[in-house]
1. Against the conditions (1) within 19 Å of A220 (Cα to Cα); (2) open to solvent by less than 20 Å² (accessible area, probe 1.4 Å); (3) modelled with pLDDT under 95, where does S240 fall short? Just the number, please.
2. Given the criterion touching a strand residue (DSSP E or B) at 6+ places or on another chain (Cβ under 8 Å), at pLDDT 95 or above, open to solvent by 30 Å² or more (accessible area, probe 1.4 Å) and hydroxyl-bearing (S, T, Y), identify the matching residue among T112, T132.
3. For the range 224-273, how many residues meet the condition of being within 20 Å of R202 (Cα to Cα), out of contact with any Gly (no Cβ under 9 Å at 6 or more places or on another chain) and assigned to a loop (DSSP other than H, G, I, E, B)?
4. Which one of E316, E281 is in a strand (DSSP E or B), more than 18 Å from V28 (Cβ to Cβ) and either open to solvent by 30 Å² or more (accessible area, probe 1.4 Å) or of a type in the set (D, E) (or both)?
5. Would you kindly identify the strands (runs of 3 or more DSSP E) lying entirely within the range 1-104 that contain at least 1 residues that are modelled with pLDDT of 90 or more, closer than 19 Å to M309 by Cβ and aliphatic (A, V, I, L, M)?
6. Across the range 250-278, which residue is surrounded by the most Cβ atoms within 10 Å (Cβ to Cβ) among those that are hydrophobic (A, V, I, L, M, F, W, C) and within 22 Å of Y48 (Cβ to Cβ)?
7. Look at D123 and say whether it is of a type in the set (D, E) and assigned to a loop (DSSP other than H, G, I, E, B).
8. Kindly provide the set of residues from the range 284-294 that are crowded, with 20+ Cβ neighbours inside 10 Å and in contact (Cβ under 8 Å) with a residue 60 or more places away in the chain, ordered by number.
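The values are calculated or read from the model by the stated rules, or taken from the named source; none is laboratory data. None of the values given here were measured: they were computed from a predicted structure. Here the Cβ positions follow ideal geometry from the backbone for every residue, glycine too, while neighbour counts run over all protein chains shown. To get the accessible areas, we keep the full protein, side chains included, count just its heavy atoms, and leave off ligands, DNA and RNA. Shrake-Rupley method; radii C 1.70, N 1.55, O 1.52, S 1.80 Å.
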Amino acid sequence: MKYLLIYFTTFMLTGCFGSNVQTSKSTVQQRYSQTVVKAADISLDGQYTLLSDNKQICLWDNNLNKKVYDCLQGLEAQLIELLGISKNNKYFYTSNRINVHLYDFKSGRLITVWNSGDNIINDIAMSEDENTLVFGFRTGQASIVSIKSNNITTYKPHRLDINSVSISADGSKAFTGSSDKTAVLWKTANGDVVQTFTHKSRVNHVTMSADAKMAFTLDAIKDRFFWLLKIGKKFSELSSNLKFLEFNDAVFVNKNQWLLSASPKQKLQLWQVKDGELLGEWQAFITGESYRSSVIDIQLIKPKEIATMTSEGVFERWTINPIVKN
């Protein structure tokens, strides 16, 4: 697979980086698919990318720019729209929104399959300790799956569709966003609600920090808030004048001081949590074959390095050079 030409992009950094224009280059650009990628996940260490084009599932070594093993094909690889890699690269999972397949990361061997029956899965998250999965359904229900015991417990934290799910590092808490205009923090052991956050419209995206101290919610119209989960209070909101804002992916980084986000409009952004200010915005590479390319996954892989994957199958790395003020 050929390397794409490295190009340069200019962006404005403000806030803790200082009010200066910096030049940053996309240091790596590699194309992993010639067709539209429906789902992707970059490992936390940045070495691997798992992706699906609805016909096959491929695991790439980003450092070597090559596939780790033969792509999964056939029935288990068709119509896959949800997938993920566990924190320590022990497992990966895939889903066609009805069945969830769990694989051994090292060998690609299928370990187990869970079937949701008549429930349609809208989103999936795995805890960083690699022991727990949460499935969010269109019925407003959510299932907690223990990977070790294979035990499944189902709760109903919402009245309507669950659109987005997040889970704490230890798997003890889940955070879910719903079309019922609420985001809910709840305990995975018993389904008990800890906090409920009300919005003006359906909640399309939620992100919770690994330590379950901070969360972010994004609704369909204008609510885009950071929350202090322990006390259930709003901390700040994104400083953006856009009427409609969408995230495909978002993650808290730098000890919950920043939020990285991936946009359907070829953009990746870095936000400051304390005041919602935009610290940086980058334009992802567009192949020229499609003007509808999206950044579908984003990860901070080193203190100063971001990795992204687009719907056109382009993997990129970006270097951040913060300005330190005396």
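1. (2)
2. Details: T132 fails: open to solvent by 30 Å² or more (accessible area, probe 1.4 Å).
Answer to the selection: T112.
3. Counting residues in the range 224-273 that are within 20 Å of R202 (Cα to Cα), out of contact with any Gly (no Cβ under 9 Å at 6 or more places or on another chain) and assigned to a loop (DSSP other than H, G, I, E, B) gives 12.
4. Numbers: E316 fails: more than 18 Å from V28 (Cβ to Cβ).
Answer to the selection: E281.
5. On the way: elements: 8-13, 20-31, 39-42, 48-52, 57-61, 82-85, 91-95, 99-104.
Qualifying strands (runs of 3 or more DSSP E): 20-31, 39-42, 48-52, 57-61, 82-85.
6. In the first step, residues of the range 250-278 are kept if they are hydrophobic (A, V, I, L, M, F, W, C); the result is 250-253, 258-260, 262, 268, 270-271, 273, 278.
After this cut, where a residue has to be within 22 Å of Y48 (Cβ to Cβ) as well, the list is 250-253, 260, 262, 268.
On the way: A250: 20, V251: 19, F252: 23, V253: 17, L260: 23, A262: 25, L268: 23.
The qualifying residue surrounded by the most Cβ atoms within 10 Å (Cβ to Cβ) is A262.
7. Numbers: of a type in the set (D, E): yes; assigned to a loop (DSSP other than H, G, I, E, B): no.
No, not satisfied.
8. Pass one, the range 284-294, residues crowded, with 20+ Cβ neighbours inside 10 Å: 284-285, 293-294.
Listed by number, the list holds a single entry, F285.
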